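Notes follow once the structure below has been shown.
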Amino acid sequence: MAIDKKSQKFLEEYLNNASPTGFEFSGQKIWLDYLKPFVDSYFTDTYGTAVGVVNPEAKYKVVIEAHADEISWFVNYITDEGYLYVCRNGGSDQQIAPSKRVNIHTKKGIVKGVFGWPAIHVREKENEPVPTLKNIFIDCGCNSKEEVEKLGIHVGCVITYEDEFMELNKRYWMGRALDNRIGGFMIAEVAKRLHGKKKKLPFGLYVVNAVQEEIGLRGAEMIARRIKPDVAIITDVCHDTHSPMYDQKVSGNQKSGLGPVLTYGPAVHNNVLDMLIATAEKKKIPFQRAAASRQTGYGYRCIRLF
Ligand SMILES: [Zn+2]
């Protein structure tokens, strides 16, 4: 289904804003400001999960949920020579870090840096070094620890990549943390379209953008205790297993463009899943199936546009 220009503008702004796990405030503000006109009320919890509510007076509560946070790095150690060593904030991948440009978030604003790596000429051919947390480092143009500190950088500053929204072949979207800002976009679209139809729902709808998913679903756990929903439909992203190097026998058969993926698993309620499938079949909405051994949970950066 096509999206309108306002929705597209919101998505691009939301994607381009940095919202690292534990520091989601600015992204949550963008999301909630966009959502407010489409809901009856809203609230946030102490850690920053944002919730828009349609029919807050209803007893039966349905949650549709996404997560707002993005994986990032923390400054972990500053050398006397002015290099930064990092630790993960969420499941950041050290293999893809070398040569990536970064934004270091400080109280004085963004400081630019780049993950360095020894040049190809000087690396041992037989024993190529592999990026690990022990050897990847950030160069922010400083010659000493004092210079680094003068820029406002200290241990605990968060670091995100520079990458912004990009369209590939007018078909695919690329961006930082489409996992799971695309889910946040989707649930906001649900509220927007319901509002446009002016149809009274027979239940309370809680549109939830949770914080701290990337470190173990913490925000969702906290807000579930507060809302105490009867039903929750959770959105997240998954892998296009038709990309090179995937083994579909292990990772399943899912392809961008063939519809959303519904996941079977012990933690998924069968009646809710059956209802979603029956509705999709009735409305001729394409969908795909995946299975999860325990709880669900994925990460992927690219989704199909139409
Ligand atoms: Zn996710």
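Bear in mind that the values in this text are calculations on the coordinates, not laboratory data. Since we're looking at a predicted model, the values are computed, not measured.
Rounded to the nearest 500, what is the 222 nm mean residue ellipticity of the chain from helices alone, with -39500 (n - 2.57) per DSSP H run of 4+ residues and division by all residues? Intermediate values should be presented prior to the final figure.
Values: 7 runs with 76 residues, N = 306.
Dividing the helical sum by the residues of the chain leaves -7500 deg cm²/dmol.
Scalar couplings 3J(HN,Hα) for the stretch 254-261, obtained by applying the Karplus form with A = 6.51, B = -1.76, C = 1.60 to θ = phi - 60°, are 9, 10, 4, x, 9, x, x, 9 Hz; x denotes Gly and Pro.
So, in the stretch 72-161, how many Lys pairs have Cα atoms under 19 Å apart, if the pair is 8 or more places apart or on different chains? Step by step, the pairs that qualify in the stretch 72-161 add up to 9. Centroid-to-centroid, using Cα positions, the stretch 1-63 and the stretch 133-161 are 32 Å apart. Pairs exceeding a 20 Å alpha-carbon distance, out of Lys255/Lys284; Lys36/Lys283; Lys200/Lys228: Lys36/Lys283; Lys200/Lys228.
A cut-off of 5 Å between modelled amide H atoms, ignoring neighbours fewer than 5 places along the same chain, links Arg289 with Leu262. From the Kirkwood radius over Cα pairs of the stretch 72-161, Stokes-Einstein at 4 °C and 1.567 mPa s returns a whole-number translational diffusion coefficient of 97 µm²/s.
How many percent of Cα pairs in the chain exceed 29 Å? Considering the chain, 42 percent of its Cα-Cα pairs are separated by more than 29 Å.
Would you mind calculating the gained length between Asp93 and Ile110 on full extension (0.36 nm times residue separation, minus the Cα-Cα distance), in nm to one decimal? Can you show the working numbers first?
Numbers: separation 17, 0.36 × 17 = 6.12 nm, distance 2.18 nm.
Additional length available on full extension: 3.9 nm.
Only aspartates and glutamates eight or more places from Lys9 in sequence, or on another chain, were considered; those with a Cα closer than 14 Å are Asp33, Glu164, Glu167, Glu189.
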